[in-house]
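Heads up: the structure comes next, in structure tokens.
The values are calculated or read from the model by the stated rules, or taken from the named source; none is laboratory data. All of these numbers come straight from a predicted model, not from anything done at the bench. All Cβ positions, even for glycine, are placed from backbone atoms using ideal geometry, and neighbour counts span all protein chains on display. Areas reflect the complete protein model, heavy atoms only, side chains present, ligands, DNA and RNA absent. Shrake-Rupley method; radii C 1.70, N 1.55, O 1.52, S 1.80 Å.
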Amino acid sequence: METTTSPMATILYFGDCNPKSTAAQRAEALKRLGHHVIQHSPFDTIADLVGPMGSYRWFVAFHYRTGYRFMQSKVGHWLRTILANTPKPDLIWVDSGELFGVGCLKVLKNVGCPVVLYNVDDPTGQRDGHRFDSLLPALSLYDLVVVVRRETEVECQTLGAPQVRRVLRSYDEIAHKPFPRPTAVPAAYRSDVVFIGTWMPNEKRDEFMLELLRQGVPLAIWGSRWEKSPHWKELQVAYRGGALGGRDYVAAIQGAKICLGLLSKGNRDLHTQRSLEVPYAGGLLCAERTEEHQQIYDEGREAVFWSDAAECARVCHELLRNDELRESIRRAGAQKVRELGVGHEDLGRLVLSEFQLN
């Protein structure tokens with residue numbers, strides 16, 4: 001793996017430290033590039049506020065729904081403590097940023113180095129309610145805001161962000177690396193058609209999966225909360241297990257003949273993480289037809305697309321009958337996604353190049 005060590009930047013990184021999160025993967029990619037990354041998880045401040053008898057789940061839900069406005073003093077104190085005990089960084093990277101309001105950004109700006117926001121959600125959209133209420137007034141204080149959708153780019157500019165850059169979502173060069181041989185994928189993760197994702201109310205993913213089953217598609221479902229679906233009894237036959245991460249996630253992608261990619265309508269998605277992760281990890285992407293998907297991949301040659309469940313079922317049946325075509329599309333998609341330059345390391349270089357830190 002190519003690395004760069006001169007000059008090595010010191011990056012103070014605020015983001016989810018769970019190794020399975022994309023925020024943690026981005027931090028690891030920056031380390032692989034040769035930079036010194038000091039990581040802190042902002043959500044530690046929530047954990048610290050909950051006593052031994054408290055309800056962590058209730059506490060998190062309360063602050064999520066109130067836009068973390070009642071945590072700003074606590075988060076600001078937490079930041080000042082970290083900064084007082086950390087050598088001056090060359091750059092501060094904030095991943096997601098919902099806990100950091102105006103006061104918190106002023107604390108970070110006092111350090112005297114660039115402050116970057118990298119947000120792959122939809123902070124200016126409506127799906128997440130008040131989640132980003134503290135973040136939005138602070139956009140004007142970031143030196144660079146990185147987002148993944150056209151609407152978010154325009155709306156962040158309207159809200160005063162001085163520099164906004166739109167990028168594609170990304171895969172991780174290490175975490176999503178395919179197994180060296182398909183036979184190395186454990187049998188438990190092999191399937192014909194797989195969907196890996198969470199059940200969400202109002203997204204109608206369960207209705208889509210139910211229609212595929214009715215159309216005779218041999219479906220496997222991995223993910224959280226599917227038991228909450230009103231169609232759970234009918235879907236249970238296809239359910240394999242809960243949320244996947246790490247090598248299990250890669251195994252389920254590479255072990256499937258076809259991988260379904262669904263969008264989050266509430267998040268105004270026209271492509272998702274799966275759109276890049278699936279081809280990189282050795283899967284064949286079968287996703288909803290959108291302008292962005294068609295810009296990324298040559299339809300029918302590098303990926304396949306559909307507009308509804310009926311078309312998706314037809315596409316799946318056709319591909320399952322044609323091993324040669326399926327393998328040709330899978331290989332072409334894997335090559336294309338690597339040519340795009342949208343690995344975490346690639347996008348890390350892109351962000352740092354804005355400040356001559358590569």
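May I have the convex hull volume per residue, in Å³, for the Cα set of the stretch 164-251?
Dividing the Cα hull volume of the stretch 164-251 by its residue count gives 136 Å³.
Full extension from GLN294 to PHE59: what is 0.36 nm times the residue separation minus their Cα-Cα distance, to one decimal in nm?
Roughly 80.4 nm would be gained on extension.
Give the angle, between 0 and 90 degrees and rounded to the nearest 10, that separates the Cα long axis of helix 309-320 from the longest principal axis of the Cα atoms of the chain.
70
Return, ordered by residue number, the residues of the stretch 62-91 whose backbone nitrogen is under 17 Å from a label point located 7 Å along Cα→Cβ of VAL111.
75-91
Which whole-number percent gives the relative contact order of the chain, counting Cα pairs below 8 Å spaced six or more residues apart?
Rounded, it is 15 percent for the chain.
Per DSSP H run of at least 4 residues, take -39500 (n - 2.57); add these up for the chain, divide by its residues and hand me the 222 nm value, nearest 500 deg cm²/dmol.
Calculated mean residue ellipticity at 222 nm is -10500 deg cm²/dmol.
Across the chain, how large is the tail of the calculated P(r) beyond 38 Å, expressed as a percent of all Cα pairs?
Of the Cα pairs, 20 percent sit more than 38 Å apart.
Pairing the Cα long axis of helix 205-214 with the longest principal axis of the chain, what angle in degrees results, from 0 to 90 and rounded to the nearest 10?
Taking the Cα atoms of the chain, the angle to 205-214 is about 10 degrees.
I want to verify the translational diffusion coefficient of the stretch 203-358 in µm²/s; compute it with Stokes-Einstein, Rh as the Kirkwood radius over Cα pairs, at 25 °C and 0.890 mPa s.
This corresponds to a translational diffusion coefficient of 148 µm²/s.
Compute the acute angle (0 to 90°) between the alpha-carbon long axis of helix 344-353 and the principal axis of greatest extent of the alpha-carbon atoms of the chain; round to the nearest 10°.
That helix lies at roughly 30 degrees to the long axis.
With +1 on each Lys and Arg Cβ and -1 on each Asp and Glu Cβ, and nothing else charged, work out how big the dipole of the chain is about its Cα centre, in Debye to the nearest 20.
Roughly 620 debye for the chain.
Across every pair of different alpha-carbon atoms, what Kirkwood hydrodynamic radius in Å does the stretch 199-246 reach?
10.9
Under the Kirkwood approximation for Rh and a Cα-based Rg, what ratio Rg/Rh is obtained for the stretch 259-324?
Value, to two decimals: 0.94.
Need one number: nm distance between label points at THR86 and ARG225, each 7 Å from Cα along Cα→Cβ, rounded to one decimal.
With each label point 7 Å from Cα toward Cβ, the separation is 3.1 nm.
With every protein chain present, what is the per residue accessible area of the chain (1.4 Å probe, Å²)?
45
Give me the one-decimal nm value for the distance between modelled label points at VAL154 and HIS36, 7 Å along each residue's Cα-to-Cβ direction.
In this crude label model, VAL154 to HIS36 measures out at 4.4 nm.
Any lysines with Cα under 29 Å of the LYS204 Cα? List them, leaving off those in the same chain fewer than 8 positions away.
Result set, ordered by chain and number: LYS20, LYS228, LYS233, LYS257, LYS265.
To the nearest 10 square angstrom, what accessible area does MET8 show with a 1.4 Å probe?
Counting only protein heavy atoms, MET8 exposes about 110 Å² to solvent.
Can you return the aspartates and glutamates within cross-link range of LYS177? Criterion is Cα-Cα under 20 Å, with same-chain partners fewer than 8 residues away left out.
Cα-Cα hits under 20 Å: GLU2, GLU28, ASP248, GLU277, GLU302, GLU327, GLU339, GLU345, ASP346.
Within the stretch 233-267, which residues have the backbone N less than 19 Å from the label spot 7 Å out from ASP323 along Cα→beta-carbon, could you tell me?
Within reach of a label on ASP323: 254-259.
If you stretched the chain out fully between ASP44 and VAL237, how much longer would it get, using 0.36 nm times the residue separation minus the C-alpha to C-alpha distance?
65.6 nm
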